[in-house]
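Read through the structure below, which is laid out as structure tokens, and then see the notes.
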Amino acid sequence: MSGNILVTGGAGFIGLHLVKKLIARGYQVTVADNFSRGAHDSDFAQIVENPSITMIDVDLLDSHSLDKFGTDLNFVIHLAAIIGVVNVVERPYEVLVNNTRMLENVIALCRKQKSFSRLLFSSTSEVYAGTLKYFDLQVPTPECTPLAMTNLSSPRTSYMLSKIMGEAMCQHSGLPFTIFRPHNVYGPRMGMAHVIPEQLKQIWGASSGETIPVASPQHTRAFCFIDDATEMLLRVIEKEESEGKVVNIGSEIPEIKMIDLVQLCCQIAGKSLSVKPGENTSGSPARRAPDMGYTRELLDYQSSVSLDRGIRETWDWYRNEFVEDLNVGSQK
């Protein structure tokens, strides 16, 4: 395959893993990032040395700065966004306005391209939060699920609302597009604000025989390893049938209890620890898993990396790269 692809937020967790696969497939890739979230670490430094990659430090809120990307792009993969619980709670207005403005500028850029194939917009599984709160949400959850809003006065609504707005903007932009909703994607270099690296850090710091707490112990999640998630995204790019579609990116099985997840992490880390059930985290849904039937049929692919293998690879990366300090990664 060949083509010119722009990846916004390309120095972040999903972005850098995706860029590696894109250049292996023969694409010319431009990475746009201002490093407000992405890490300028050894992994990033190694990948940008590839002659198939152009790195541009750019502020996507400045519409004029996007002129530097020219008019020869075939695909734009828009991953850049203000995310993270702290940002959402402390700066909800900025999350709403800036996430929308960045996409507005990206859409304007796409419209200037001479031979444009598609815009891929990264939404979120959080778009289902309102349906979960007020209605009977089907789990595993299909893409066709009607979306409802949580309370607009709640700061945490801001991120989800910015993504629903983004989906609507893509739908009405007049551009060829695909919207994808990632579900609990994990793996090396993902930062610490996620359940699996948080648990690995807690286990790393505990001594054998200690007891560690587990929040929301009976709540279940279905996790997707980064290699599977990025393979799905590559197939979204390469399958014309995905144009105009909304697809879940994730794994439907196994759907695992948090207490069992922590015990698995202990086993993989080689630590003999006891786990103590804690309180449920406020706002945490009892279940979260995507229905992958539509994605599987559309892309002719389903996740192949087992949870055991994925956690082992994640643990090995954190342990080997940052033995003294696990508080690292590409997202805040």
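Summary of values
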read-out: Test: residue in segment 262-271 that is assigned to a strand (DSSP E or B) and open to solvent by 70 Å² or more (accessible area, probe 1.4 Å); value: no
read-out: Unmet requirement for residue 241, which otherwise passes all of (1) in a loop (DSSP other than H, G, I, E, B); (2) of a type in the set (D, E, K, R); (3) surrounded by fewer than 21 Cβ atoms within 10 Å (Cβ to Cβ); value: (1)
read-out: Search result, residues across segment 20-34 that are under 18 Å from the mean Cα position of the chain (by Cα) and of a type in the set (Gly, Ala, Ser); value: 32
read-out: Residue list for segment 137-154, filter: more than 19 Å from residue 222 (Cα to Cα), open to solvent by less than 50 Å² (accessible area, probe 1.4 Å) and not hydroxyl-bearing (Ser, Thr, Tyr); value: 148
read-out: Selection within segment 127-136 - surrounded by fewer than 21 Cβ atoms within 10 Å (Cβ to Cβ) and either in contact (Cβ under 8 Å) with a residue 12 or more places away in the chain or within 27 Å of residue 7 (Cβ to Cβ) (or both); value: 130, 131, 132, 133, 134, 135
read-out: Among (1) over 19 Å from residue 168 (Cβ atoms); (2) under 20 Å from the mean Cα position of the chain (by Cα), the one test that residue 69 misses; value: (2)
read-out: Exclusive hit being open to solvent by 30 Å² or more (accessible area, probe 1.4 Å), without any contact (Cβ under 8 Å) to a residue 40 or more places away in the chain and either within 23 Å of residue 117 (Cβ to Cβ) or of a type in the set (D, E, K, R) (or both), set 71, 54; value: 54
read-out: Residue within segment 179-198 that is in contact (Cβ under 8 Å) with a residue 60 or more places away in the chain and of a type in the set (Asp, Glu) present; value: no
read-out: Matching residues in segment 273-293 - criterion: being more than 19 Å from the chain's Cα centre (by Cα), among the hydrophobic types (A, V, I, L, M, F, W, C) and in a loop (DSSP other than H, G, I, E, B); value: 273, 286
read-out: Among (1) at pLDDT 95 or above; (2) crowded, with 18+ Cβ neighbours inside 10 Å - the single one residue 157 does not satisfy; value: (1)
read-out: Residues satisfying the stated conditions in segment 160-187, i.e. open to solvent by 40 Å² or more (accessible area, probe 1.4 Å) and either closer than 16 Å to residue 87 by Cβ or part of a loop (DSSP other than H, G, I, E, B) (or both); value: 161, 172, 174, 184
read-out: Out of 297, 279, sole residue that is of a type in the set (Asp, Glu) and within 14 Å of residue 216 (Cα to Cα); value: 279
read-out: Odd one out for residue 190 among (1) farther than 19 Å from residue 12 by Cβ; (2) part of a loop (DSSP other than H, G, I, E, B); value: (1)
read-out: Extreme residue, modelled with the lowest pLDDT, among residues of segment 294-307 that are surrounded by 13 or more Cβ atoms within 10 Å (Cβ to Cβ) and assigned to a loop (DSSP other than H, G, I, E, B); value: 302
read-out: Qualifying residue in segment 205-228 (condition: open to solvent by less than 10 Å² (accessible area, probe 1.4 Å), within 22 Å of residue 318 (Cβ to Cβ) and among the polar types (S, T, N, Q)); value: no
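The values are calculated or read from the model by the stated rules, or taken from the named source; none is laboratory data. Computed from a predicted structure; not experimentally measured. Backbone-built Cβ (ideal geometry, glycine too); neighbour counts: all protein chains shown. Areas reflect the complete protein model, heavy atoms only, side chains present, ligands, DNA and RNA absent. Shrake-Rupley method; radii C 1.70, N 1.55, O 1.52, S 1.80 Å.
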